[in-house]
1. If you check D475 against the conditions, is it away from ligand 2 (no atom under 15 Å from the Cβ) and either in a helix (DSSP H, G or I) or without any contact (Cβ under 8 Å) to a residue 12 or more places away in the chain (or both)?
2. So in segment 159-190, with the set limited to residues that are among the small types (G, A, S) and more than 16 Å from ligand 2 (Cβ to nearest atom), which one is nearest to E433 (Cα to Cα)?
3. Which one of these does A150 not meet: (1) under 29 Å from T330 (Cβ atoms); (2) assigned to a loop (DSSP other than H, G, I, E, B)?
4. All but one of (1) away from ligand 1 (no atom under 16 Å from the Cβ); (2) buried (at least 18 other Cβ atoms within 10 Å of the Cβ); (3) assigned to a helix (DSSP H, G or I) hold for G444; state the number of the condition that does not hold.
5. Find the helices (runs of 4 or more DSSP H) located wholly in segment 1-101 whose residues include 3 or more that are under 30 Å from A422 (Cα atoms), and list them.
6. Just one of (1) within 30 Å of G51 (Cβ to Cβ); (2) touching a strand residue (DSSP E or B) at 6+ places or on another chain (Cβ under 8 Å); (3) within 16 Å of ligand 1 (Cβ to nearest atom) trips up A221, so point out which.
7. Picking from Y367, Y349, which residue would you name as being surrounded by 22 or more Cβ atoms within 10 Å (Cβ to Cβ), away from ligand 2 (no atom under 16 Å from the Cβ) and not assigned by TED's automatic domain parsing to the domain that holds S238?
8. Run down G52, G80, G61, G68 and say which single residue is farther than 21 Å from P285 by Cα and in contact with a helix residue (DSSP H, G or I) (Cβ under 8 Å, 6 or more places away or on another chain).
Amino acid sequence: MLPKKANRERVLPVLDHAPSLSLEAVRAVSQETGVPAADVYGTASFYTLIGGEPRTRVCQGLSCQLAGADALLARLRAAGEPVEAVSCVGQCDRAPARLDPALEVVAERARGAVLPASPELAMNLAGADGTDYPGLAWARARGAEAVLEALEASGLQGRGGAGFSTATKWRMVRGQAEAERYVVCNADEAEPGTFKDRELILRRPHLLLEGIAIAAHTVEARSAYVYIRGEYTAEYRSLERALEAARGTPLLEGLTIELVRGHGAYICGEETAMLESMEGKRGMPRLKPPYPTEQGFRGKPTVINNVETLACVPAILVRGGAWFRALGKTEPGTKLYCVSGHVARPGVYELPLGVNLDELVEAAGGYVGTPRFFSPGGASSGFLPITQRALPLDFGSLGKQGSFLGSAGVVVLNDTVDLAQAARWQAVFFEDESCGQCAPCRIGTRLLRRSLDRYLESGDPAALEHVDDVAWEMDEGSICGLGYTAFLPLTSLRKHFPESFGARAQGGRA
Ligand SMILES: Cc1cc2nc3c(=O)[nH]c(=O)nc-3n(C[C@H](O)[C@H](O)[C@H](O)COP(=O)(O)O)c2cc1C
Ligand code: SF4
């Protein structure tokens, strides 16, 4: 007999402690939560970190592939180690990387650079982090309207990908008639090429918590959550420690902040998929509208912001919106750019929003080899030719080129890389990570990867003849950003380098 009232939100946390996904284990979770066993299994099977034998997870993200991920996988397999190839582990600066069965990072290199260091920066990754929370004190002393005005003056655009105005989002939630509201910090960061939120959480966890508390204070929410990707083990510990240190400080006056651990699904970074996951379901994006600002977590108005967005807020209040705006080059503020691939010093660089590729790579110690193309904002942004190296890396300029700043996960590729192979690595990622609810995305991502396989095997360009039609279908028929962008790595490369997708030697390079 199941308990009368099911507690669906408990399903995923309880599954975390389940020994396996055996029938018995699933039934035990069902008994504890009141959710039918078939439903528990259906939810669990969506997530890659739930169930299965203990194994090493080898990253297949673009930067890891450039650094020999396939060879690493083959070596571990040959040594008899239980291994699984996984989409991305968020360690592009120390590629090729893997996670041990306890989800701790194994990499030959230390984490990359975090430069420059200066108190004149909005986040200053190398700065001291502590429990003073001056921005929160400012917000409490001056009130919500003053916070919103400072945000408006700052021009802060969301750093999670879409660049939506933070002030507008907070105002929308504040203006709702419903009194129960939530704040959710999106720390799911799983886009290959991106590892900036990781550094913020590791180095400035209190800055992030302060931004969350200011958001909660402004929209009058009493509960806030940080949804952190399941692969971020050290980062989870960093936040746990910071929350412990914040006990008894003004940060937690009238507010609870809970950590919610993800379970291995890139799509849960999409804000409505994240809410579904927090509610104990498969992480499938919702149809919008309604937007989370009206009906978010538990159907209540919810502010959802990226880690970096929230971490910008304390300095904006303390130093002023105009100060923040003036830090940018072409758009307001500084930005955390992640750089990896063929550069001398991969890492996270806080630079004026709108620097170009050459300026960014100069900070990162220069190019390795002769650069040929780059991905400006994670897998979803596609690729641009190196001839666009002078383009400002901002929301507007990249949008005009049919690309995106996205998560600012910049990956540089030199002329030793086979373009079709690079497109295939990205295609595999999207095929694996599509949640599967829209047919154009589910079938389209598979078709694109298969077309590339056929092209790479046969060298016959006819293998790619339906690619543009498939891309159109995906763009028209998908309900979330994954479906709108998953074709871009291939279509952008074909557009910019048509000569590289002609007939080629069978099974070999162009
Ligand atoms: C497929 C997909 C994955 C996403 N992944 C993330 C992510 O990992 N982190 C994030 O902050 N936003 C991600 N987003 C964007 C979120 O949906 C949302 O726009 C963002 O968290 C809002 O915060 P912001 O206004 O501070 O940018 C993703 C969007 C899509 C379509
Ligand atoms: S577009 Fe793709 S990932 Fe997004 S909801 Fe549809 S099937 Fe899922």
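1. Judged against the criteria, D475 is not a match.
2. Kept after step one, since they are among the small types (G, A, S), are these residues of segment 159-190: 160-163, 165, 167, 175, 177, 179, 187, 190.
Narrowing the set further to residues that are more than 16 Å from ligand 2 (Cβ to nearest atom) leaves 163, 165, 167, 175, 177, 179, 187.
Numbers: G163: 23, S165: 28, A167: 31, G175: 35, A177: 37, A179: 36, A187: 17 Å.
Step by step, filter segment 159-190, then rank; the result is A187.
3. Every condition holds for A150 apart from (2).
4. Among (1) away from ligand 1 (no atom under 16 Å from the Cβ); (2) buried (at least 18 other Cβ atoms within 10 Å of the Cβ); (3) assigned to a helix (DSSP H, G or I), G444 violates only (1).
5. It comes to 62-66, 69-78.
6. That leaves (1) as the condition not met.
7. Working: Y367 fails: surrounded by 22 or more Cβ atoms within 10 Å (Cβ to Cβ).
Unique residue meeting the criteria: Y349.
8. Values: G52 fails: in contact with a helix residue (DSSP H, G or I) (Cβ under 8 Å, 6 or more places away or on another chain); G80 fails: in contact with a helix residue (DSSP H, G or I) (Cβ under 8 Å, 6 or more places away or on another chain); G68 fails: in contact with a helix residue (DSSP H, G or I) (Cβ under 8 Å, 6 or more places away or on another chain).
Testing whether each residue is farther than 21 Å from P285 by Cα and in contact with a helix residue (DSSP H, G or I) (Cβ under 8 Å, 6 or more places away or on another chain) leaves just G61.
The values are calculated or read from the model by the stated rules, or taken from the named source; none is laboratory data. Since we're looking at a predicted model, the values are computed, not measured. Cβ atoms come from the backbone with ideal geometry, glycine included; neighbour counts cover every protein chain shown.
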